[in-house]
Amino acid sequence: MSRRIALSVVAGAVVLAGAGAFALAYAGDQPPALAHSTAHYTAPEGGRDGSFTFTTEVKASSGVKNLRVLAWPANSSLAKKPPTAKDMAGAERATCKPAGKDTVRCAYTTGVTGTEAASSPRGPWHVAVLATATDGTTTLDTKAAGFNVG
């Protein structure tokens, strides 16, 4: 093999190895990704409590540490200044279960009493979520899903 060909092969191998290392490092730093987020509100009726349910899938290569959920009315002060990651630290936690490689399916459900429903603003609501991966990276989506309170 000529010296020029050998140097070209070595240089190519170094470039490929560097590109692979960069791709692995980049993939490891990806924040959690949300998919298939849905919200469902059922109003109380006939003396029975209603409910609010939010579900989503979260994918994080390092694993998912937790998912925080906050429902907020679209006509509130949060419309002008959406919740921050710091605000979300005190939000309710969803329950997450494995759903495949690097993916969990999370659900949050709470009851809604007639008194709570009567004092809640009518109209569109949004659901803010903060997903935290095991490696500490986060994803905040202030409008992950929506629903209406009628």
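In this structure, does Ala94 turn out to be under 11 Å from the mean Cα position of the chain (by Cα), open to solvent by less than 70 Å² (accessible area, probe 1.4 Å) and aliphatic (A, V, I, L, M)? Before the answer, list the steps.
Values: under 11 Å from the mean Cα position of the chain (by Cα): yes; open to solvent by less than 70 Å² (accessible area, probe 1.4 Å): yes; aliphatic (A, V, I, L, M): yes.
The answer is yes for Ala94.
Of the residues Leu70, Leu78, which is open to solvent by 50 Å² or more (accessible area, probe 1.4 Å), closer than 19 Å to Phe147 by Cα, more than 11 Å from the chain's Cα centre (by Cα) and not small (Gly, Ala, Ser)?
Details: Leu78 fails: open to solvent by 50 Å² or more (accessible area, probe 1.4 Å).
From the options Leu70, Leu78, the qualifying one is Leu70.
Are any residues in the range 76-125 of a type in the set (Gly, Ala, Ser), in a strand (DSSP E or B) and within 15 Å of Lys65 (Cα to Cα), and if so, which ones? Break it down into steps so the answer makes sense when it comes.
As a first pass, look at the range 76-125 and keep what is of a type in the set (Gly, Ala, Ser): 76-77, 79, 85, 89-91, 94, 99-100, 107, 111, 114, 117-120, 123.
From the residues that got through so far, the ones that are in a strand (DSSP E or B) too are 107, 111, 123.
Result: Ala107, single match.
Let me confirm something: among Thr109, Thr142, Thr138, Thr132, which residue is within 24 Å of the chain's Cα centre (by Cα) and open to solvent by less than 30 Å² (accessible area, probe 1.4 Å)? Walk me through how you get there before you give the answer.
Values: Thr109 fails: open to solvent by less than 30 Å² (accessible area, probe 1.4 Å); Thr142 fails: open to solvent by less than 30 Å² (accessible area, probe 1.4 Å); Thr138 fails: open to solvent by less than 30 Å² (accessible area, probe 1.4 Å).
The unique qualifying residue is Thr132.
In the range 38-58, which residues are open to solvent by less than 40 Å² (accessible area, probe 1.4 Å) and touching a Leu at 6+ places or on another chain (Cβ under 8 Å)?
Thr56, Val58
Report, ordered by the first and then the second residue, all pairs with beta carbons closer than 7 Å, sequence separation of six or more or different chains, a first member in the range 118-133 that is modelled with pLDDT of 95 or more, and a second member that is among the polar types (S, T, N, Q) and surrounded by 22 or more Cβ atoms within 10 Å (Cβ to Cβ).
Close Cβ pairs (under 7 Å, with a partner that is among the polar types (S, T, N, Q) and surrounded by 22 or more Cβ atoms within 10 Å (Cβ to Cβ)) amount to Val129/Thr56.
The values are calculated or read from the model by the stated rules, or taken from the named source; none is laboratory data. This structure is a prediction, so every number in the text was calculated from the model and none was measured. Backbone-built Cβ (ideal geometry, glycine too); neighbour counts: all protein chains shown. Keep in mind that these areas ignore ligands, DNA and RNA; they rest on the heavy atoms of the full protein, side chains included. Shrake-Rupley method; radii C 1.70, N 1.55, O 1.52, S 1.80 Å.
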